[in-house]
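No lab work stands behind these numbers, since they all come straight from the coordinates. Note that the structure is a prediction, hence the values are computed from the model and not measured. In this analysis, Cβ positions are derived from the backbone assuming ideal geometry, glycine residues included, and neighbour counts consider all displayed protein chains.
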Amino acid sequence: MAPLFNLMLAVLTIFVGLCLSEFPSKVRLVGGAHRCEGRVEVEVNGQWGTVCDDGWDRSDVAVVCRELSCGAAIHTPRGASYQPPASEEQRVLIQGVECSGMEDKLAQCTLHDDVFDCSHEEDAGAQCEKFPSKVRLVGGAHRCEGRVEVEVNGQWGTVCDDGWDRSDVAVVCRELNCGAAIHTPRGASYQPPASEEQRVLIQGVECSGMEDTLAQCMLHGDVSDCSHEEDAGAQCENPDSDLLFVPETVRLVDGSGSCQGRVEVLHQAQWSTVCKAGWNLKASKAVCRQLGCGRALLTHTCCNKSTQGKGPIWMGKMSCSGQEANLQDCPFSRLENNCTHGEDTWIECEDPFELRLVGGDTSCSGRLEVLHKGSWGSVCDDSWGEKEDQVVCKQLGCGKPLSPSPKARKSYGPGAGHIWLDDVACSGKELSLEFCRHRLWGYHDCTHEEDVGLICSE
């Protein structure tokens, strides 16, 4: 009896080992619009097959999305709807899947591989968030060089340079319709640097170098230990280099402030005006952002000789998306047009939100004034209180607000000219008064006897 028992135990051990070895070593999605969507296929002992959709749900899809370094699970489509369909020679390898949704791999779920009543009409499918959807290079000398940034779910962020190499750069260059990969520079060296609010969205990238887009590579989105000092960069050949020189910097001149005026670009130590025929509002947005102004308000040609430029005219056509950090990031080409200075480009941006305290003993006390459209104006004290004082003192770097009597507040005298803001309401946590609620600029029901005044501690 003992030899028979030992034989049965040995057979059982071999059987269990075979069952464990049959769990999938790889997973892929086939037939979808991108690598994060399609019919679910698994590899078992070197053979690719499908998964039956018996009991297939969002928790199972979540695990597949995680294993493939895609985004969140979106949908559980029928795998049979993806083209081309699975061939008749391809087996259904798994009858049922039971995942909690927290597993890192499908192989960690409970898998039932005794397939007995499932056809390819019942193949399981998965749809995950595409990761990433767009790629751009920021801060370089032209559109084919700079810090690598990707868009994931509408948010732009950077890529960690862990393992970043020439194969990865080659894919970025191909996706952006640039030339060959030249170099893998440090993205942190490009100016302006990525802001602290901008997240590092991808920890690691593994490309063969033959993919058409970065989204087709293996991407590891679980960022654990990467800062903007480790941002990845890319340098590609610039196919536009023989079309037009790139402006080195930009300025607005002859306006009432630094945020409006005639557009001029600098190249090889020479300032040139810009022809309106090659310009649009999206290009204006890039300039306003580069100059630290607010949103672009207006783009038109200079209207009289006093605002027209002199000297060379930059014959470039800018193809900006409106999201660029500066004008140098925009694609460009030569403008086939005989422009005159009567067609010089003029733009107006919102003024940067500046404020000051005037009439006090120091720069941290006095009547509050804000800058709008190049003019300083006062603020009405309707609804004004301690929280609004906190924001102003913080924005000016003047410590905390003191609490003088209303009479002391009025000792700075009434202002003159515009009353720009009224009914300002802050939570006290804002870093700038521009983030507080208020009426439209210039709309109020106040006199200068109601101008806000305050005293800060420093």
Hey, if you put +1 on the Cβ of every Lys and Arg and -1 on every Asp and Glu Cβ in the chain, which of PRO414, ALA283, CYS364 ends up farthest toward the positive end of that dipole?
PRO414
From DSSP H assignment alone, runs of 4+ in the chain each adding -39500 (n - 2.57), the sum over residues rounded to the nearest 500 puts [θ] at 222 nm at -4000 deg cm²/dmol
Those lysines that a straight Cα-Cα span of less than 20 Å connects to LYS387, excepting residues fewer than 8 apart in one chain:
LYS400, LYS407, LYS410, LYS429
Checked against the positive end of the charge dipole of the chain (+1 on Cβ of Lys and Arg, -1 on Cβ of Asp and Glu, about the Cα centre), the farthest of GLY46, ILE347, TRP376 is TRP376
Assigning unit charges at the beta carbon (Lys, Arg +1; Asp, Glu -1) and nothing else, what dipole magnitude in debye, to the nearest 20, does the chain show about its Cα centre?
1880
Neighbour-count order for PHE435, PHE116, fewest beta carbons within 10 angstrom listed first
PHE116, PHE435
Give the angle, between 0 and 90 degrees and rounded to the nearest 10, that separates the Cα long axis of helix 386-395 from the longest principal axis of the Cα atoms of the chain.
90
Cα-based Kirkwood hydrodynamic radius, the chain, one decimal, Å
27.1
Calculate the dipole size of segment 355-455 relative to its Cα centre from +1 charges on Lys and Arg beta carbons and -1 charges on Asp and Glu beta carbons; express the result in debye to the nearest 20.
300
Under a straight-distance cross-link criterion of Cα-Cα below 29 Å, which lysines are reachable from LYS105, leaving out those fewer than 8 residues away in the same chain?
LYS26, LYS130, LYS134
Can you return the lysines within cross-link range of LYS310? Criterion is Cα-Cα under 22 Å, with same-chain partners fewer than 8 residues away left out.
LYS276
Using a 10 Å cut-off around each Cβ, can you sort GLU151, GLU88 from fewest to most neighbouring Cβ atoms?
GLU88, GLU151
Dimensionless Rg ratio for segment 355-455, taking C-alpha atoms and the 2.2 N^0.38 Å reference
0.95
Using the Cα centre of segment 170-302 as the reference point, and only Cβ charges (+1 on K/R, -1 on D/E), how large is the resulting charge dipole? Debye, rounded to the nearest 20.
880
Measuring from the longest principal axis of the C-alpha atoms of the chain, the long axis of helix 58-67 (C-alpha) lies at a number of degrees, nearest 10, equal to 80
Could you work out how far helix 166-175 tilts from the main Cα principal axis of the chain, as a 0 to 90 degree angle to the nearest 10?
70
In segment 331-350, which residues have a backbone nitrogen under 19 Å from the label point lying 7 Å from HIS300's Cα in the Cα-to-Cβ direction?
340-350
